[in-house]
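Peer 1: If you scroll down you'll find the structure; I have some questions about it.
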Amino acid sequence: MKKVYVLLAGGKVDTKFLRFKKRDILVCADGGIKRVLGRVGKNKIVLLGDFDSVNKKMIEKKKVEILEFPKDKDMTDGELAVEYVCKHYDKTIKKIVFGGVSDRLDHTLENILVMVPYVKRGHIFEIWGNRIKIYLNVSK
């Protein structure tokens with residue numbers, strides 16, 4: 001089964017242990033691309049954001065789809081990534097978020113709350129941290 005991974009820049013999570021399957025999609029919110037730069041070419045990678053955390057020259061010659069947004073926007077890069085995966089990938093496809101959990105409770109709660117409207121519409125999310133997994137889905 002195909003999975004969509006959303007990689008955020010913040011939070012503490014080690015992605016080195018991950019073994020992405022070729023059919024998996026990686027959606028990176030700005031600096032989240034740094035978590036998977038060595039894996040470019042093996043998976044479809046979408047990088048979106050305002051590029052305040054990553055230099056586009058780092059990925060110029062890589063096989064990455066780039067969606068640039070203005071710095072003066074009403075959404076965080078993480079919110080844009082969540083919105084993107086929900087618009088482009090079916091509700092039945094599991095979405096796994098890396099970097100959404102940190103020692104900043106306000107940031108962690110914000111990341112969870114961003115996903116709630118999409119979960120209410122039937123999307124399934126998991127948020128992975130180093131020592132925690134948060135499961136967000138609506139049971140029927």
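Peer 1: Please verify whether residue 69 is more than 20 Å from residue 11 (Cα to Cα), of a type in the set (A, V, I, L, M, F, W, C) and at pLDDT 90 or above, treating the condition exactly as stated. Walk me through how you get there before you give the answer.
Peer 2: Details: more than 20 Å from residue 11 (Cα to Cα): yes; of a type in the set (A, V, I, L, M, F, W, C): yes; at pLDDT 90 or above: yes.
So residue 69 passes the test.
Peer 1: Within the stretch 81-93, can you find the residues that are modelled with pLDDT of 95 or more and either touching a Leu at 6+ places or on another chain (Cβ under 7 Å) or open to solvent by 70 Å² or more (accessible area, probe 1.4 Å) (or both)?
Peer 2: 81, 84, 87, 88
Peer 1: Against the definition (of a type outside the set (Phe, Trp, Tyr) and in contact (Cβ under 8 Å) with a residue 40 or more places away in the chain), how does residue 19 come out, yes or no?
Peer 2: Working: of a type outside the set (Phe, Trp, Tyr): yes; in contact (Cβ under 8 Å) with a residue 40 or more places away in the chain: no.
No, not satisfied.
Peer 1: Another question about this same structure. Filter the stretch 52-85 down to residues that are out of contact with any Gly (no Cβ under 9 Å at 6 or more places or on another chain) and either of a type in the set (Val, Ile, Thr) or more than 25 Å from residue 110 (Cα to Cα) (or both), then give me how many there are.
Peer 2: Looking only at that region, the number is 12.
Peer 1: On to the next question. Would you mind listing the strands (runs of 3 or more DSSP E) fully within the stretch 1-88 where at least 2 residues are over 22 Å from residue 113 (Cα atoms)? If you could, list the steps in order and put the result at the bottom.
Peer 2: Details: elements: 3-7, 25-29, 44-49, 65-68.
Result: 44-49, 65-68.
Peer 1: Out of everything in the stretch 80-120 that is aromatic (Phe, Trp, Tyr) and without any contact (Cβ under 8 Å) to a residue 60 or more places away in the chain, what residue ends up being farthest from residue 68 (Cα to Cα)? Working first, answer last.
Peer 2: First, the residues of the stretch 80-120 that are aromatic (Phe, Trp, Tyr): 84, 89, 98, 118.
Restricting the remaining residues to those that are without any contact (Cβ under 8 Å) to a residue 60 or more places away in the chain gives 84, 118.
Details: 84: 13, 118: 23 Å.
Going through the qualifying residues, I end up with 118.
Peer 1: Here's something else I'd like to know. Among (1) open to solvent by 10 Å² or more (accessible area, probe 1.4 Å); (2) touching a Cys at 6+ places or on another chain (Cβ under 8 Å); (3) not charged (D, E, K, R), where does residue 122 come up short?
Peer 2: If we test residue 122 against (1) open to solvent by 10 Å² or more (accessible area, probe 1.4 Å); (2) touching a Cys at 6+ places or on another chain (Cβ under 8 Å); (3) not charged (D, E, K, R), just (2) comes out false.
Peer 1: Assigned to a helix (DSSP H, G or I), within 15 Å of the chain's Cα centre (by Cα), under 17 Å from residue 7 (Cα atoms) and not basic (Lys, Arg) - does that describe any residue in the stretch 92-109? Steps first, answer last, please.
Peer 2: Narrowing the stretch 92-109 to residues assigned to a helix (DSSP H, G or I): 105-109.
Within this subset, residues satisfying the condition of being within 15 Å of the chain's Cα centre (by Cα) are 107-108.
Add one more test, that the residue is under 17 Å from residue 7 (Cα atoms), and what stays is 107-108.
Pick out the ones that are also not basic (Lys, Arg) and you get 107-108.
Checked against the condition, which is being assigned to a helix (DSSP H, G or I), within 15 Å of the chain's Cα centre (by Cα), under 17 Å from residue 7 (Cα atoms) and not basic (Lys, Arg), the stretch 92-109 yields at least one hit.
The values are calculated or read from the model by the stated rules, or taken from the named source; none is laboratory data. Given the structure is predicted, the values throughout are model-derived calculations rather than measurements. Glycine gets a Cβ as well: all are built from the backbone with ideal geometry, and neighbour counts include every protein chain shown. Protein only, heavy atoms only, side chains kept; ligands, DNA and RNA dropped before computing areas. Shrake-Rupley method; radii C 1.70, N 1.55, O 1.52, S 1.80 Å.
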